[in-house]
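Colleague: For reference, the structure I am asking about is given below.
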Amino acid sequence: MLNRFKRALIGATALSAITGAAALAQEPAPAAAQATQTEDQRLAAFFEEQFQRALDDSPMLQAQLGVKTDQYGAWDDFTDAKTVRDHELTKQDLARLRSDFDYDALSEQMQVSYRIFEFLQERALRGHEFRFHGYAFSTMNNPVTQPVTFLQNIHRVDTVSDAEAYISRIEGMTQIADQLIEGINMAAARGIAPTSFSFDPVIKDSRAVIKGAPFDASEEDAAIFADFKAKVDALDISEAEKQRLIEEAQAALNDAFKPSVERIVARIDDLRDASHGPNGVWALPDGKDYYKNQIDFWTTEAELTAKEIHKIGLADVKRLRGEMKEIMKEVGFDGDLPAFFEFLRTDPSNFFPNTEDGRQGYLDASKAYIDAIYEDVDDYFNVLPKAPLEVRAVEKWREATAPIAFYNRPTPDGSRPGIYYTNLRDMTKKQKHEMETIAYHEGAPGHHFQIAIQQELTGVPTFQKFAFFGAYSEGWGLYSERLAKEQGRFTDPMQDFGRLQNEMLRAARLVVDTGVHSKKWSREKAIAFMLDNNPMTESEATKEIERYIDLPGQALSYKIGMIKILELREKAKSALGDDFDIREFHDIVLKNGAVALPILEQLIDAYIADKKAA
């Protein structure tokens, strides 16, 4: 299924990346050396074995991390047959982990790695039966624009052979179309089809990919053709060689790429009548069990139920409304909270101009907020990411279905920086007072610190540098907003309101996500709840709710993760008193990379015990 394409792009698998080409050619240790290995070394070798196997299976992940092999021109295998084979291997890996290694003989660090790996395998096994429930396309997952994004942002062209590999991937769109359509058909046969509101935006953006030269008589190049030509033009080769490559790419785009896009669009359009409408996953076969699986996946808190999460969300919404009213009084607004929300939605002074200058102004201001974080960063962190961070606008050709803001991880070798992307399609939807909060969440000290530091870890198995746990990652992002407040940021009360507004968004997500998927709320009821509790526009609220319906459980990860991190910080503060050091706390949270929340609690408990014993 093409959901695996998205996971490949973000590296959200247990064994999803590589730190350098040298790791591709490792030889097994001689038998005599194996006999003298410690239990740590034996387990490390096992982890590397699984990692290398997964890496060899994924040309996209190799490219994502800047590694070029003889598979550089290939795509991953997205067939269900491949998914089934991987499932069997996961079962074998977990059995070997438990039977072949003595947990008690491992060092504390390697015991953490053991628990992370074990949790990842168990989670993958639990999700296998629901593999067709993940929609093949949605408002957050366009199977046509994703390959183009991959070629544009991931596929580097440093040599002629790299350019030829790019052409090979263009031709490989035929494979992607075949496998996507196969997955759509297999899901449809099980009564599963995407939400009704996903069809039009996905088809619109897909058709936009094949507009421009060489697909039509337009004078402007299509995005993929412009990208290829720019990369080839930068090569130090003859003009004749450049022309050859461009002509071959043009032929591949017309003969393979365009027909594949058209086939995908046609199959998507034909699927409309099979959709279960704009409803949550309760409307799908086994939808209740699937939603519980997704709660577990995204929060890593198996004991949490939809009912409990809904209750937590309602209580937090009530608290945040009270704090919002205090700021409303502070700025002297004469009216109630709904009137203040309407003022924020509509007052022109709350927006940058809807022009290119306005967009650049938003980017510049966001960068300034991030730069200011580094001025006193040593007061809060001992370890900083080495990778640089850039702020960029989402490319125009994918603005319609791209999120409002998101972070792209860097390559460990520094060839690609971390990127905070912001969607500037319509500046009348980008409220100024939110921008400071979003910069901290997506940039520094949020996702960039967590993800870049994770990739730069030393002394841990490679898989651990790229493990993914939604509640940990998004919880850290939301925690970073609170931390920035504690650092003395948000000196402007309206920017502080923006912080509350974004926390309110995450609290409301607990309510509406469980509402639409467990309580059978309508799309309209969920949108109304968002508008009642947040100064977003109706179009923004609609986009948010459609995202939650399409990606069940993901919206829970932010607040659940933040709550756990704050609880653990207070636990450490209470236990250690004057010996508590926030820098050390952040070290413990970040130094193992992403972990499940139960494992994070174990790490903090161990830190408290060690600190007390010292």
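The values are calculated or read from the model by the stated rules, or taken from the named source; none is laboratory data. In this text the structure is predicted, and so the values were computed from the model without any measurement. A quick note on method: Cβ atoms are made from the backbone with ideal geometry, for glycine too, and the neighbour counts reach across all protein chains shown.
Colleague: If the Cβ limit is 7 Å and pairs must be 6+ apart or interchain, which residue in the stretch 359-371 that is touching a residue at least 12 places away in the same chain (Cβ under 8 Å) and assigned by TED's automatic domain parsing to the domain that holds H441 pairs with which residue that is surrounded by 15 or more Cβ atoms within 10 Å (Cβ to Cβ) and acidic (D, E)?
Modeller: What qualifies is Y369/E436.
Colleague: Taking the conditions exactly as written (in the same structural domain as T542 (by TED's automatic domain parsing), among the hydroxyl-bearing types (S, T, Y) and modelled with pLDDT of 95 or more), does T299 satisfy them or not?
Modeller: Yes.
Colleague: Sort out which residues of the stretch 191-233 are in a helix (DSSP H, G or I) and of a type in the set (V, I, T), and write them in order of number.
Modeller: V202, I203, V209, I224, V232
Colleague: Which one of these is within 25 Å of F468 (Cα to Cα), surrounded by 19 or more Cβ atoms within 10 Å (Cβ to Cβ) and among the small types (G, A, S): G134, G127?
Modeller: G134
Colleague: What single numbered condition from (1) more than 30 Å from Q602 (Cα to Cα); (2) crowded, with 18+ Cβ neighbours inside 10 Å; (3) out of contact with any helix residue (DSSP H, G or I) (no Cβ under 8 Å at 6 or more places or on another chain); (4) not basic (K, R) fails to hold for A452?
Modeller: (1)
Colleague: Could you list, in sequence order, all residues of the stretch 185-240 that are β-branched (V, I, T) and surrounded by fewer than 16 Cβ atoms within 10 Å (Cβ to Cβ)?
Modeller: Correct list: I237 only.
Colleague: Taking the conditions exactly as written (under 27 Å from K543 (Cβ atoms) and buried (at least 22 other Cβ atoms within 10 Å of the Cβ)), does Y369 satisfy them or not?
Modeller: no
Colleague: Still on this structure: Working only within the stretch 482-523, note down all residues that are among the hydroxyl-bearing types (S, T, Y) and part of a helix (DSSP H, G or I).
Modeller: Within the stretch 482-523, T514 is the sole residue that qualifies.
Colleague: State whether one or more residues within the stretch 245-255 are outside any helix (DSSP H, G or I), hydrophobic (A, V, I, L, M, F, W, C), surrounded by fewer than 19 Cβ atoms within 10 Å (Cβ to Cβ) and at pLDDT 95 or above.
Modeller: The answer is no; no qualifying residue exists.
Colleague: Any idea which residue in the stretch 406-432 is farthest from K68 (Cα to Cα), counting only those that are in a strand (DSSP E or B) and touching a Lys or Arg at 6+ places or on another chain (Cβ under 6 Å)?
Modeller: Per the stated criteria, the residue is Y421.
Colleague: I'd like to check something: does the stretch 472-491 contain any residue that is among the polar types (S, T, N, Q) and surrounded by 24 or more Cβ atoms within 10 Å (Cβ to Cβ)?
Modeller: yes
Colleague: Residues to consider are V148, V160; find the one that is more than 23 Å from the chain's Cα centre (by Cα), under 30 Å from D227 (Cα atoms) and of a type in the set (A, V, I, L, M).
Modeller: Just a single option satisfies the conditions, and that option is V160.
Colleague: Continuing with the same structure: If I ask for residues that are free of Cβ contacts under 8 Å to residues at least 40 places away in the same chain and either more than 19 Å from F352 (Cα to Cα) or not assigned by TED's automatic domain parsing to the domain that holds E356 (or both), which ones from the stretch 380-426 would you list?
Modeller: Once the filter is applied, which keeps residues that are free of Cβ contacts under 8 Å to residues at least 40 places away in the same chain and either more than 19 Å from F352 (Cα to Cα) or not assigned by TED's automatic domain parsing to the domain that holds E356 (or both), the stretch 380-426 yields P388, E390, A402, F406, G414, P417, G418, I419.
Colleague: Just checking, which of R169, R115 is over 24 Å from Q62 (Cα atoms) and out of contact with any Ser or Thr (no Cβ under 9 Å at 6 or more places or on another chain)?
Modeller: Among R169, R115, only R115 is over 24 Å from Q62 (Cα atoms) and out of contact with any Ser or Thr (no Cβ under 9 Å at 6 or more places or on another chain).
Colleague: Now a separate question. Determine if the stretch 538-549 includes at least one residue that is on the phi > 0 side of the Ramachandran plot, touching a helix residue (DSSP H, G or I) at 6+ places or on another chain (Cβ under 6 Å) and touching a residue at least 40 places away in the same chain (Cβ under 8 Å).
Modeller: No, that holds for no residue.
Colleague: Check E356 against each of (1) loosely packed, with under 13 Cβ neighbours inside 10 Å; (2) closer than 24 Å to E503 by Cβ and name the one condition it does not meet.
Modeller: Every condition holds for E356 apart from (2).
Colleague: Of the numbered conditions (1) under 20 Å from G446 (Cβ atoms); (2) touching a Leu at 6+ places or on another chain (Cβ under 8 Å), Q487 fails exactly one; give the number of that condition.
Modeller: (2)
Colleague: What is the number of the single condition among (1) assigned to a helix (DSSP H, G or I); (2) modelled with pLDDT of 95 or more; (3) more than 25 Å from the chain's Cα centre (by Cα) that A32 does not meet?
Modeller: (2)
Colleague: Among (1) farther than 15 Å from Y558 by Cα; (2) buried (at least 24 other Cβ atoms within 10 Å of the Cβ); (3) at pLDDT 95 or above; (4) under 22 Å from the mean Cα position of the chain (by Cα), there is one condition G446 misses while meeting the rest; what is its number?
Modeller: In the conditions (1) farther than 15 Å from Y558 by Cα; (2) buried (at least 24 other Cβ atoms within 10 Å of the Cβ); (3) at pLDDT 95 or above; (4) under 22 Å from the mean Cα position of the chain (by Cα), G446 misses (1) alone.
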